[in-house]
Every structure is written in C-alpha cells, then in structure tokens.
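J.: Shown below is the structure under consideration.
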Amino acid sequence: MSTAIDVSGKLGEYMLKGWVLTDKSCPKCSRVPLMRSPSGPTVHFCANCDAAPGTSTASSSRSGPDIPERAAPIRNNPTTLDEKSSVGSTSSATPSRTSTPPTEVSQALSSPTFAPPMDMAEVLRRRQQSDTASAEIGRRMLKGWAMLADECPNPTCYGIPLVRPPKPGGQKDPRKECVVCGAVYIYENDAPGAHLVPLQPSPNTSAGLSTLLPQPPPAPVPVPAWRPISAPRLDLHASTSVARAGEEDRVQRNIVLPPASGSHLAVQESVQSLELALHVLSGRVTVLSNGTTLETALIAQTADAMSKVAQALAQVRQLQ
C-alpha cells in the first residue's frame with residue numbers, strides 16, 4: 001500500500017503521460033479512482049494497489065489485457081537501411097508544397113492616422129471669429145440681407161458664409177459679401193466653370209499690401225529762414241584774465257606746504273626702522289648659532305643682510 005503523497009504523485013505523473021482519471025473507484029481500496037490508458041488496449045490502473053503498468057499484471061477483475069512489454073530493440077538490417085536511405089533521397093529531391101497559403105499583407109494602416117492637436121490660440125481665434133461673424137450676420141439678416149451657402153474663399157476666414165444685400169424690386173443682387181474681411185465677390189463664368197471672383201479688395205487685404213509695398217519718401221519739410229539775433233559783444237580779454245586770476249587763486253589755496261620739520265621726521269623714522277631690522281637679524285644669528293646643527297648657509301645670508309642694513313643705516317644717519 002502506498003501513502004497519500006505517493007498516490008497523488010503517481011496520479012499526477014500518469015496524467016501528464018496522457019492517462020485518463022476515471023470516475024470509477026478501485027474495488028480493493030475503494031478510495032482511489034482508477035486510471036485508464038490513453039490508447040488501446042484499454043488498461044485500468046490503481047495508483048494505490050497496483051504496480052506500475054508494464055512491470056506486473058494489473059487487476060484482472062477491473063482491467064483488460066495488460067500493457068505489452070517494451071519491445072526489444074530492432075537490430076540494424078542492411079536491407080532496411082538501404083530502403084530508408086533511398087526513401088530519404090527521394091523525399092529530399094521532391095520539393096515540398098506549402099501547407100498554408102501565404103498571408104496577404106494589408107496595405108491599410110491598422111490604426112487611424114495620428115493628427116497633431118491644434119494650437120489653442122488658433123482654436124480660440126477661430127471661435128472668436130465665428131462668434132463675431134454670427135452676430136454680424138444676424139444683424140444684417142434683420143435688415144433684409146440673405147445668408148448664402150457659399151463660403152468666403154479668403155484663407156483667413158474659416159467657414160464664414162457670404163451674405164447678399166437686399167435689392168429693391170425683388171431681384172437678386174449678384175454681389176456677395178463677407179462680414180469678417182469685408183470682401184465682395186461675384187460669380188464669373190469661364191472655361192473651368194463658375195467661381196467666385198473678388199469685386200473689390202477687402203480692407204484688410206489692401207492694408208496688408210500697402211504695408212508690404214515700398215513707401216515713397218516723405219516730402220521735405222520747409223525750414224524757415226532764421227535771421228541772426230544781435231547779441232551784446234563781450235570783452236573776451238577781460239573775461240579770460242578774470243578766469244585765470246581765479247584759477248591761480250584756487251590752486252594756491254589747494255596747495256598744502258609740508259611743515260619745516262617733515263624731512264627730519266622721515267629720516268628719524270628710517271633710522272628707527274633700520275635699527276629694528278638690524279636687531280631682528282642679530283637675534284636670528286643668535287638662534288642659528290645655538291642650534292644643534294649649525295646652518296652655515298643661513299648664517300651667511302643673515303650676516304650679509306646685516307651688513308647691508310648697517311651700511312644703509314650709516315648713510316641715513318649722515319642725513320641727520
């Protein structure tokens with residue numbers, strides 16, 4: 001007897017191999033459904049009581065003939081090999097026919113053509129133009145004008161219907177006017193057929209053309225002849241002398257003369273600075289001489305600097 005886990009595993013294994021799980025229970029254990037072989041001869045098999053089909057005899061009371069033993073391997077026969085090779089060569093020489101006709105590729109797009117969204121400013125402009133045209137057409141219809149099915153051919157007017165003015169006597173006026181651009185059209189018959197022709201240019205179009213065309217140069221403005229105004233003569237020599245005198249006085253006031261003892265103070269400060277520098281260099285020589293290692297190069301440089309400072313100090317003291 002097998003455990004429940006083994007029975008479930010066997011049932012799954014044989015169902016994957018193509019065996020059919022029936023609604024009949026095993027007469028021995030009465031708890032496991034029987035399995036039926038996928039092809040004839042029909043064999044019923046219990047995953048709990050019976051051994052694997054083909055290894056031992058299944059229950060004869062509920063099954064048909066056992067599954068035949070696995071056939072012995074067929075030995076290679078030279079005659080059979082020759083027949084197989086000839087059949088293979090014949091099949092390779094004969095071109096194979098396609099089982100499925102080629103699929104026709106549709107030239108039409110699978111999705112509708114993408115249209116880019118319109119500019120919101122343009123949409124608002126068209127809407128405002130339509131509202132203005134509707135209001136103006138309504139006012140003119142109250143005055144007897146007739147709205148026509150023709151639209152204004154001006155590219156700046158989007159679907160604006162033309163209107164026809166009233167004419168006394170009940171006759172139709174050939175003129176057709178656009179309430180947006182103000183252009184007046186009439187029908188003209190020629191070889192291609194009847195089409196609208198502008199009778200007079202619209203105000204907007206004429207204004208646009210006038211701005212594009214070169215404008216004539218403006219007429220020169222007449223300049224009135226000016227007469228010289230007599231002015232009193234000024235004495236240039238007197239004014240120049242006065243200006244020079246004032247400038248010299250201002251320069252003299254701005255000049256600040258140094259005190260008489262300024263040079264003496266400068267010499268005194270220079271002497272003090274040189275003495276301080278000489279004192280610092282002397283202290284440095286003392287430090288270098290008392291070190292563990294004698295820095296001869298630094299001592300020589302310091303001594304040279306001391307000699308130069310002493311020489312400068314002597315020259316400055318001569319100025320006192």
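J.: For Leu319 paired with Ala194, estimate the spin-label separation in nm (one decimal), with each label point 7 Å from Cα along the Cα-to-Cβ line.
T.: The answer from the label model is 11.6 nm.
J.: Once you sort the root eigenvalues of the Cα gyration tensor of region 267-319 as a ≥ b ≥ c, which label holds: rounded (a/c under 1.5), prolate (a/b larger than b/c) or oblate (the other case)?
T.: Cα axes put region 267-319 in the prolate bin.
J.: Let me make sure I get this right: for region 4-45, a, b and c are the square roots of the gyration tensor eigenvalues over alpha carbons, sorted descending. Under 1.5 in a/c it's rounded, otherwise prolate if a/b > b/c, else oblate. Which is it?
T.: Since a/c reaches 1.5 but b/c is at least a/b, the shape of region 4-45 is classed as oblate.
J.: Quick one: which residues, 5+ away or cross-chain, put their amide H under 5 Å from the amide H of Val32? H built at 1.01 Å from N.
T.: Result for Val32 returns Cys26.
J.: In terms of the Cα gyration tensor, with a ≥ b ≥ c the square roots of its eigenvalues, is region 121-188 rounded because a/c is under 1.5, prolate because a/b exceeds b/c, or oblate?
T.: Cα axes put region 121-188 in the oblate bin.
J.: At 0.36 nm per residue, minus the direct Cα-Cα distance, what do Gln311 and Ala266 gain on full extension? Give it in nm, one decimal, please.
T.: 14.4 nm
Computed from the coordinates by the stated procedures, all read-outs in this text should not be read as laboratory data. Computed from a prediction, not measured in an experiment: that's the story for all the values here. Neighbour counts are summed over all protein chains in view; Cβ atoms, including those assigned to glycine, are modelled from backbone coordinates with ideal geometry.
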